[in-house]
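Every number in this text was worked out from the coordinates using simple rules, so none of it is lab data. Just so you know, these numbers come straight off a predicted model, no measurement behind them. Cβ coordinates were reconstructed from backbone atoms using ideal geometry, including for glycine residues, and neighbour counts include every protein chain displayed.
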Amino acid sequence: MSDALTKLKQAVLEGDDATAAATAQQALAEGLKGLDIVNSAIVPGIQAAGQLWKENQYFLPDVVMSAEAFSAAMAVVQPTLTAEGARHTGRVLIGTVAGDMHTLGKSIVIAMLQGAGFEVTDLGVDVPVKTFLDQTAELKPDILGAGCYMSTTMLSIKDIIAGLQERGLRNQVKVMVGGVPTSQEFADEVGADAWGKDALDATAKARQLMRR
């Protein structure tokens, strides 16, 4: 592996967004293909950060910094991927439900999903049920991800799934839920297709949903 790729992977792992962006640009200047840069350095960097988080060697701020470095590097490389015909694993529409302003967990999930090859559209935070439904109808994602981080906002997920049923969209999209107050039992109760315990688990579950 080239020095630039080694340095880029380390920059993502360490959450150094400036170095990540500069090194990604350097790798492109050296003639490396965007897809090779993503697969050999950017994705392994965020995956390594996720693994350290899972092993309790990284804390949430560490992973957030890695996610920001991942995004900085991807922003440099992304324009070359379309030209190279990079294959997407699937399309994910994701947002934090109405009344909930938490964004950190969602940002990490998005970074991990992008690292796995998913095309992700971020609806943001405090997203009304209607927006989830309208955007699902318009964008036709493979997976709809709804996150909540407070128990007081959990019922919005039930409303989203009920709304998908009412609009005749439920059979057209897989629904995955996540967030601190959620659980597999909650996902089963509201009729979701999957529950993501954390960012790594959500990415694995997304892959599983694409195989169904």
Working only with C-alpha atoms, what are the Rg and Dmax values of the chain, expressed in angstrom? 17.4, 54
Given the candidates G31, L13, G45, the one whose Cα lies deepest towards the positive end of the charge dipole of the stretch 1-47, counting +1 at each Lys or Arg C-beta and -1 at each Asp or Glu C-beta, is G31
Which order do peptides 60-73, 113-126 fall in by mean Cβ count within 10 Å, highest first? 60-73, 113-126
For the stretch 113-178 (alpha-carbon point model, no solvent) the Debye-based log₁₀ I(q)/I(0) at q = 0.14, 0.17, 0.26, 0.27 Å⁻¹ works out to -0.39, -0.58, -1.29, -1.36
Quick one: F186, F59, F132, fewest Cβ neighbours within 10 Å first, how do they rank? F59, F186, F132
Label-point separation in nm, D198 to N56, each point 7 Å along Cα→Cβ: 1.0 nm
For the stretch 90-211, evaluate the Debye formula with one uniform point scatterer on each Cα (no solvent term) and list log10 I(q)/I(0) at q = 0.10 Å⁻¹, rounded to two decimals. -0.23
For labels at T152 and D134 in the simple 7 Å Cα→Cβ model, what's the distance in nm? 2.6 nm
